[in-house]
Amino acid sequence: MSVDVSRSIVLFRHAKADWPEVPDHERPLAERGRREAPETGEWLAEHGPLPELTLCSTATRTRETWKLAVHQFPRRPRTVYEERLYEAPPGQIIEVLNETPEDVENVLVVGHNPGMQSVAGLLAGGADQEARARLERGFPTSAIAVLRFTGSWKSLEAGSAELTDFWSPQE
């Protein structure tokens, strides 16, 4: 596949989680999270880009978020539950994205903060001003950042993408 392919990355922070007395990895969604995850899925289904591949942290709250959001899509993309995305720093998220098969053009990552906000800011060499301003205010639960770049997945690095949209059900 040509390296001139236009690609998109959707970074999706998990929905609002509850705080029961369980290990952090096992925290489920709170009621608000169960309401907002489908809203984010609906927004993404309407505004796109729809992923061909979803990379999802193995934490309970990210898996639950994805399962509620994907029901809003016209078709379910292939999903990979990736342990390395649990509380991953930006460099590790980029490493996981660098391993994406070249025949995939659109990827969605369901993960955690501060990683989602940090990697969005790190990748975005350019940005829609309104989207950048919203991202800089924070990356709330159930929010998504849409980035686009041209090239191979292996070439994805700091500053190589453009932040084209940022949305949250809390706006």
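If Pro74 passes every condition in (1) more than 15 Å from the chain's Cα centre (by Cα); (2) in a loop (DSSP other than H, G, I, E, B); (3) surrounded by 18 or more Cβ atoms within 10 Å (Cβ to Cβ) but one, which one does it miss?
(3)
Is it the case that the range 77-91 has a residue that's modelled with pLDDT under 95 and of a type in the set (Asp, Glu)? Reasoning before the result, please.
Pass one, the range 77-91, residues modelled with pLDDT under 95: 87.
Now narrow it down to the ones that are of a type in the set (Asp, Glu): 87.
Within the range 77-91 (the criterion being modelled with pLDDT under 95 and of a type in the set (Asp, Glu)), the answer is yes, since at least one residue qualifies.
With respect to the numbered conditions (1) under 17 Å from Arg13 (Cβ atoms); (2) free of Cβ contacts under 8 Å to residues at least 24 places away in the same chain, which one is the sole condition not fulfilled by Ala133?
(1)
Any chance you could count how many residues in the range 10-34 are farther than 19 Å from Ser142 by Cβ and either exposed (fewer than 13 other Cβ atoms within 10 Å of the Cβ) or in contact with a Pro (Cβ under 7 Å, 6 or more places away or on another chain) (or both)? Show your work before the answer.
Initial filter on the range 10-34 (farther than 19 Å from Ser142 by Cβ): 20-23, 25-26.
Within this subset, residues satisfying the condition of being either exposed (fewer than 13 other Cβ atoms within 10 Å of the Cβ) or in contact with a Pro (Cβ under 7 Å, 6 or more places away or on another chain) (or both) are 20-23, 26.
The total comes to 5.
Kindly establish whether Pro38 is over 23 Å from Ile94 (Cβ atoms) and buried (at least 16 other Cβ atoms within 10 Å of the Cβ). Break it down into steps so the answer makes sense when it comes.
Details: over 23 Å from Ile94 (Cβ atoms): yes; buried (at least 16 other Cβ atoms within 10 Å of the Cβ): yes.
When the stated conditions are applied, Pro38 passes them.
Results for (1) crowded, with 21+ Cβ neighbours inside 10 Å; (2) at positive phi; (3) in contact with a Gly (Cβ under 8 Å, 6 or more places away or on another chain), shown as yes or no for each residue.
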{"site": "Glu64", "(1), (2), (3)": "no, no, yes"}
{"site": "Arg84", "(1), (2), (3)": "no, no, no"}
{"site": "Pro90", "(1), (2), (3)": "no, no, yes"}
{"site": "Ile93", "(1), (2), (3)": "yes, no, yes"}
{"site": "Asn98", "(1), (2), (3)": "no, no, no"}
{"site": "Val110", "(1), (2), (3)": "yes, no, no"}
{"site": "Asn113", "(1), (2), (3)": "no, no, no"}
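For residues in the range 77-104 being part of a helix (DSSP H, G or I) and among the β-branched types (Val, Ile, Thr), which is farthest from Ile144 (Cα to Cα)? Break it down stepwise before answering.
Taking the range 77-104 and keeping what is part of a helix (DSSP H, G or I), we get 83-85, 90-98.
When the remaining residues are screened for being among the β-branched types (Val, Ile, Thr), the result is 93-94, 96.
Values: Ile93: 15, Ile94: 17, Val96: 18 Å.
My answer is Val96.
Within the range 107-127, is even one residue closer than 14 Å to Val10 by Cα and assigned to a loop (DSSP other than H, G, I, E, B)?
Yes, the range 107-127 contains a residue that is closer than 14 Å to Val10 by Cα and assigned to a loop (DSSP other than H, G, I, E, B).
Between residues in the range 76-99 that are closer than 18 Å to Thr65 by Cα and in contact (Cβ under 8 Å) with a residue 12 or more places away in the chain and residues that are open to solvent by 30 Å² or more (accessible area, probe 1.4 Å) and β-branched (Val, Ile, Thr), which pairs lie under 7 Å by C-beta distance while being six or more apart or on different chains?
none
The values are calculated or read from the model by the stated rules, or taken from the named source; none is laboratory data. Just so you know, these numbers come straight off a predicted model, no measurement behind them. Don't worry about glycine lacking a Cβ; one is built from the backbone with ideal geometry, like all the others, and counts go over all protein chains shown. The protein model used for the area step is the full one, side chains on, heavy atoms only, and it has no ligands, DNA or RNA in it. Shrake-Rupley method; radii C 1.70, N 1.55, O 1.52, S 1.80 Å.
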